[in-house]
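Data block below; observations after.
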């Protein structure tokens, strides 16, 4: 993956519910998420706790946790975990919107770089209006 902006790299901890047939859900989750673009580091801290570092312009916590739930893992749904999760979802969604990534756009990095490239002054650009270019 390319160089990432350190302010957009998030470090979170995902907790799992103990009432699941797999006693080591953190390791299973780290194996499932190992090749996902945007995820920088995965570390199972305990059997039910996973530390994850990811680039916010590629993926956010809500997408990671939704993928884990779709794979059959059970997240910890105690009240404190739900509140922390909701706060992270809201703050990440706001930060992504401030960086030009609207909700529902999974990979907006390419669009950001295209917009930046178009704003730069390039010597090879044709300065004539669009309707004049076809007459040469």
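Some points to look at:
- Count of residues meeting criterion [part of a loop (DSSP other than H, G, I, E, B) and either surrounded by 12 or more Cβ atoms within 10 Å (Cβ to Cβ) or modelled with pLDDT of 90 or more (or both)] in region 35-60: 10
- For region 16-29, filtering for residues that are in contact with a helix residue (DSSP H, G or I) (Cβ under 6 Å, 6 or more places away or on another chain) and under 22 Å from residue 55 (Cβ atoms) leaves 1.
- Selection count, region 6-15, where residues are assigned to a helix (DSSP H, G or I) and touching a helix residue (DSSP H, G or I) at 6+ places or on another chain (Cβ under 8 Å): 1
- The residues in region 64-80 that are surrounded by fewer than 16 Cβ atoms within 10 Å (Cβ to Cβ) and assigned to a helix (DSSP H, G or I) can be counted, and the count is 6.
- Residue within region 20-32 that is at positive phi and surrounded by 15 or more Cβ atoms within 10 Å (Cβ to Cβ) present: no
- Contact map, region 36-49: residues that are on the phi > 0 side of the Ramachandran plot paired with residues that are part of a loop (DSSP other than H, G, I, E, B) and buried (at least 18 other Cβ atoms within 10 Å of the Cβ), Cβ distance under 7 Å, separation 6+ or inter-chain. Pairs shown: 38/58; 38/59.
The values are calculated or read from the model by the stated rules, or taken from the named source; none is laboratory data. Quick caveat: nothing in here was measured; it's all calculated off a predicted structure. When we count neighbours, we look across all protein chains shown, and the Cβ atoms used for this are built from the backbone with ideal geometry, even at glycine.
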